[in-house]
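This report concerns only the one structure given below.
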Amino acid sequence: MKLKHRLLAACTVATLLAAGIPSATQAQGSYTLDDVWTAYDGFNRNLLDAEKYIYKTNTSFEHATDRWNGAAAIWCQPMYWDMALNAWQLAERLRDTERAKKYKALSRKIFEGNKAQYVGFDFEDNNENTGWFIYDDIQWWTITLARAYQLCGDEEYLRLSEASFRRVWYGSERVGDTGSYDERKGGMFWQWQPIRNPNPNNSDTDGKMACINFPTVVAAMTLYNCVPADRQPSDEAKPAYQTKQQYLEKAKEIYRWGEANLFDKKTGRIADSKHGEGEPAWKTHVYNQATFIGGSVLLYKATGDRHYLDNAVLAADYTVGPMSEKDGVLPFESGIEQGIYTAIFAQYIAMLVYDCGQTKYLPFLHHTIATGWGNRDRTRELCGGDYARPVQPDEVVDSYSASGIPALMLLFPPESNR
């Protein structure tokens with residue numbers, strides 16, 4: 001077992017193949033470009049509410065009414081928007097004008113549908129049905145709104161992204177919380193409690209989860225890449241926006257805290273959380289590995305500091321190695337909403353592969369895709385989240401689990417089509 005760990009952690013193409021993980025063309029049930037579109041369209045046909053343009057919890061619901069009745073979690077909806085944006089971009093690269101037009105229009109409809117559903121993106125409305133009540137729920141939207149601005153140039157996306165970042169960092173006078181950022185000891189708190197009339201967070205006891213700290217790094221760096229270099233700083237105590245340098249410094253600060261408190265420098269694993277000065281909770285999750293990778297890549301690209309890239313590679317090696325050893329594919333966690341983790345990982349491992357030239361992960365990624373696609377329900381063209389297990393035609397499939405394989409396919413199509 002330890003030998004297998006070392007082989008997989010080395011994570012070169014040669015060692016992946018030696019460990020029994022084939023390329024897409026070698027894997028049973030390999031996939032084609034047509035399969036990419038079939039998978040994404042199958043996901044939408046079964047799980048998108050085509051009247052509201054938000055996604056359903058699972059295939060048992062006809063409509064995505066609200067949080068309590070058929071609507072997928074508020075924090076997962078931006079990942080589905082990412083998929084639409086990625087489908088549009090892939091079609092553009094392939095000069096597939098018909099699909100590019102289709103998915104560009106879908107991307108806008110998904111934004112408008114979510115805006116209508118989630119109180120017009122009023123991030124200070126903390127009702128627990130269609131509002132905002134956990135810091136990371138908001139920050140995931142910060143990221144995708146900023147990414148959409150980069151692709152589309154729509155100023156509304158940037159305005160909302162900066163408003164959501166401000167809301168998370170500084171808190172809300174209307175809600176009464178003091179913000180996610182811990183001015184005393186650094187890092188980001190996960191939540192405010194109680195949701196109504198919250199108490200200030202306590203640096204000595206309250207949780208600082210990886211799922212808010214590393215998304216904050218990604219959010220700050222994505223906004224860093226959006227805003228003009230000559231923007232002047234605000235003199236407000238809680239400014240509505242940051243300068244380019246301020247976003248960079250915030251990202252660096254939170255990354256330093258996360259690296260010191262949530263990152264195992266020997267193995268590359270990311271802890272789930274830390275409370276006060278206690279030992280971190282070393283429960284690993286694919287999405288925490290993912291956002292650490294993403295934050296590391298973005299900081300590396302902005303600064304040229306090699307240690308960020310080394311950290312990203314170490315975290316990726318741990319993900320495709322020890323975390324994935326059971327079936328040789330990305331692992332599945334069956335807890336509520338946890339199926340979305342692969343879709344998040346897809347976004348950030350793509351940055352490491354394509355922006356940093358780390359193509360050694362491609363055999364593992366293609367194998368995961370080919371395995372999951374080969375085990376789909378071929379009637380509905382719908383994938384599950386446990387990629388090594390066949391999906392049955394009468395099985396209720398949730399949107400979180402179903403998203404992973406199409407999300408990977410849109411970013412890692414057959415290599416000749418990239």
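Just a few scattered comments:
- Residue check, Phe43 aromatic (Phe, Trp, Tyr) and either assigned to a helix (DSSP H, G or I) or surrounded by fewer than 18 Cβ atoms within 10 Å (Cβ to Cβ) (or both): yes
- Lone qualifier among Ala229, Ala210, Ala240, Ala163 - being in contact (Cβ under 8 Å) with a residue 24 or more places away in the chain and either under 28 Å from Asp305 (Cα atoms) or aromatic (Phe, Trp, Tyr) (or both): Ala210
- Considering segment 223-232, the residues that are surrounded by fewer than 24 Cβ atoms within 10 Å (Cβ to Cβ) and touching a helix residue (DSSP H, G or I) at 6+ places or on another chain (Cβ under 8 Å) include one that is nearest to Gly153 (Cα to Cα), namely Cys226.
- So Lys283, is it without any contact (Cβ under 8 Å) to a residue 60 or more places away in the chain and farther than 22 Å from Ile212 by Cβ: no
Condition check ((1) in contact with a Ser or Thr (Cβ under 7 Å, 6 or more places away or on another chain); (2) under 19 Å from Asp182 (Cα atoms); (3) surrounded by 24 or more Cβ atoms within 10 Å (Cβ to Cβ)) across all residues:
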| site | (1), (2), (3) |
| --- | --- |
| Thr205 | no, yes, no |
| Lys208 | yes, yes, yes |
| Val218 | yes, yes, yes |
| Ala237 | no, yes, no |
| Thr243 | no, no, no |
| Leu262 | no, yes, yes |
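- Residue that is farthest from Ala281 (Cα to Cα), among those in segment 168-208 that are among the polar types (S, T, N, Q) and assigned to a strand (DSSP E or B): Ser172
- Any hit, segment 105-119, residues being free of Cβ contacts under 8 Å to residues at least 12 places away in the same chain and of a type outside the set (A, V, I, L, M, F, W, C): yes
- Those residues of segment 373-401 which are touching a helix residue (DSSP H, G or I) at 6+ places or on another chain (Cβ under 7 Å) and within 24 Å of Asp49 (Cβ to Cβ), in sequence order: Arg380, Glu381, Leu382, Cys383, Gly384, Gly385, Asp398, Ser399, Tyr400, Ser401
Values in this text are rule-based calculations from the coordinates and carry no lab data. Since the structure is predicted, the reported quantities are computational estimates derived from the model, not experimental observations. Using ideal geometry, Cβ is built from the backbone for each residue, glycine included, and neighbour counts are taken over all protein chains shown.
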